[in-house]
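Student: Please read through the structure below; I'll follow up with questions.
Every read-out reported here was derived from the displayed coordinates using simple, explicitly stated rules and does not represent laboratory data. Keep in mind that what you see is a predicted model, and the values were worked out from it rather than measured. Please note: Cβ atoms are built from the backbone with ideal geometry, for glycine as well, and neighbour counts cover all protein chains shown.
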Amino acid sequence: MINFSRLLKVRETALDVKKHHNKRADEVPKHLIRYANVKAPMVAWNITRKCNFSCDICHLDSALEAESDELTTQEALEFIDQMASIKVPMISVYGGEPLTRDDFFILAGHAHNKGLRVILSSNAVLITEDTAREIAESGISYVGIDMDGFSQIGGVMDVVAGLEKALPAMKYLRDAGVGCGVRITIGDFNLSEMPSIVKTIEKAGLKRFAVCQHFGDRAWKTVKEERREIIDFLIDYAMKNPEMEVVTEQLYDDGVYLMQRVAEREPELAAEMEKLLARQGGCPAGDRIVNVDYRGNVHLCPYWKSRTIGNIREQKLSDICFDKGNEVLIKLSDKTQYLKGRCGRCMYKHLCRGCGARADEMCGDPFAADPACYLTEEEITVA
Ligand code: SF4
Ligand code: SF4
């Protein structure tokens with residue numbers, strides 16, 4: 001995740017960040033966690049595959065029914081205890097739709113009582129006034145509303161109409177004192193609507209949105225051209241609207257591109273950004289994040305389901321994540337040394353580290369070049 005707005009405003013300096021480096025998660029202010037290199041990884045937890053939507057573009061392996069062997073309440077509670085014992089810095093809970101689990105608030109409350117920070121990703125359909133209150137009472141401070149479900153209208157994707165439908169849920173959350181933002185998917189089907197989408201987000205009173213790009217089975221060349229267009233729009237928007245927090249997902253080269261655009265006019269700001277991006281360290285897969293699915297399988301990141309490094313029903317999370325015998329995990333912790341191809345010769349690889357999931361999918365090698373990188377040869381080799 002690259003937070004354009006915090007980087008542009010220099011909300012935190014490299015010096016602030018350095019003070020918290022290598023500390024325990026509970027000793028680091030939450031906005032600095034991504035830079036702090038805390039020992040335990042953040043956990044992205046798909047607690048169910050059940051969802052009340054069946055979106056064409058779903059990237060989460062969701063279904064209308066839960067799988068028969070999903071973690072039971074008892075197993076999930078024990079897993080939370082494991083996460084607490086290694087002090088994971090954050091649990092990002094998603095599904096499917098997490099609120100379809102009957103025991104959701106038992107689990108969220110337990111995590112909160114154990115001192116864990118939980119954020120929820122939801123499609124918002126089940127967020128009523130009462131649910132919003134329960135969310136607040138269970139200690140969840142932030143809900144990211146994924147707009148894909150509400151935006152699927154008659155076989156097309158209409159984010160503006162989806163945002164209108166999500167307004168009541170956003171109001172309930174705000175009234176209950178829970179922060180919220182939206183996550184929108186942009187693709188060829190709605191690229192031209194980005195200005196009206198961000199206007200609708202502003203009108204909804206939101207202060208934060210995250211943008212995800214729909215890759216599907218499209219040619220990488222098309223994906224890259226589209227990405228550049230999306231990111232140019234978002235950089236211009238973030239520069240003109242400093243009160244809004246603009247975040248991108250999927251590609252850490254967004255940070256390099258942002259830095260290069262800023263360097264054209266403000267080299268000092270770009271230099272500070274470079275230090276922060278270096279502290280953040282690019283792709284966190286297997287190193288600063290792991291994904292645990294509804295059956296307890298542990299993956300290197302939420303988008304990297306092709307590799308399973310263990311299962312929490314059989315082993316403790318700490319034994320899986322800190323396994324010194326796992327060659328891929330060891331190499332991922334020092335990934336820049338092992339990168340190949342254009343990622344290997346990129347002078348910004350320490351800020352980005354490419355995407356292991358995409359490289360693995362394309363070439364069967366997590367350290368091969370990221371096929372989605374949209375930076376030109378000149379941009380990755382000239383300072
Ligand atoms: S070449 Fe690889 S490491 Fe460099 S910016 Fe692109 S994806 Fe990142
Ligand atoms: S492997 Fe790719 S999808 Fe996973 S965290 Fe890294 S950049 Fe993101």
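Student: Mean separation of Cα pairs under 8 Å and 6+ residues apart, divided by the residue count of segment 35-110: what relative contact order is that in percent?
Tutor: Over segment 35-110, the number comes to 47 percent.
Student: What percentages, rounded to whole numbers, describe P(r) for segment 147-215 computed over all alpha carbon pairs with 5 Å bin width beginning at zero?
Tutor: Spelled out bin by bin, segment 147-215 gives 4, 17, 30, 26, 14, 7, 3, 0 percent.
Student: While we're here: So what is the orientation-averaged projected area of segment 34-190, using the convex hull of its C-alpha atoms, in nm²?
Tutor: 9.9 nm²
Student: List, largest first, the extents of the alpha carbons of the chain along their principal axes, each in whole Å.
Tutor: 54, 51, 41 Å, listed from the longest principal axis down.
Student: Taking Cβ-Cβ under 4.7 Å as the only way to count a partner, pick out the unpartnered cysteines of the chain.
Tutor: Cysteines lacking a close Cβ partner in the chain: C51, C180, C212, C283, C301, C321, C343, C346, C352, C355, C363, C373.
Student: Cβ neighbours within 10 Å, averaged per peptide: list 221-228, 180-187 in order, most packed at the top.
Tutor: 180-187, 221-228
Student: Over the C-alpha atoms of segment 189-292, what are the Rg and the largest Cα-to-Cα span, Dmax, in Å?
Tutor: 15.0, 43
Student: How would you rank 43-52, 231-240, highest first, on the average number of other Cβ atoms within 10 Å across their residues?
Tutor: 43-52, 231-240
Student: Take every DSSP beta bridge with both residues inside segment 61-194 and express the antiparallel ones as a percent of the total, to the nearest 5.
Tutor: About 15 percent, rounded to the nearest 5.
Student: Taking amide hydrogens as modeled 1.01 Å from N in the peptide plane, which residues meet the under 5 Å criterion relative to G354, leaving out close sequence neighbours?
Tutor: When sequence neighbours closer than 5 places are left aside, the close amide H contacts are C283.
Student: Whose amide H sits under 5 Å from the amide H of G310, counting only residues 5 or more places off or on another chain, with H placed in the peptide plane?
Tutor: V298
Student: Now, a different point. What is the fewest-to-most order of V160, V256 by other Cβ atoms lying within 10 Å of their Cβ?
Tutor: Sorted ascending by nearby Cβ count, the order is V160, V256.
Student: So what is Rg over Rh here for segment 234-383, counting just Cα atoms and using Kirkwood for Rh?
Tutor: 1.02
Student: Sorting H299, H350 on the 10 Å Cβ count, fewest up front, what's the list?
Tutor: In order of increasing Cβ crowding within 10 Å: H350, H299.
Student: In Å³ and rounded to a whole number, note down the convex hull volume per residue for the Cα atoms of segment 96-160.
Tutor: 91 Å³
Student: Starting at the first residue of segment 283-294, write each ³J(HN,Hα) from the Karplus equation 6.51 cos²θ - 1.76 cosθ + 1.60 with θ = phi - 60°, in whole Hz, x for Gly and Pro.
Tutor: 3, x, 3, x, 10, 10, 8, 9, 10, 10, 8, 5
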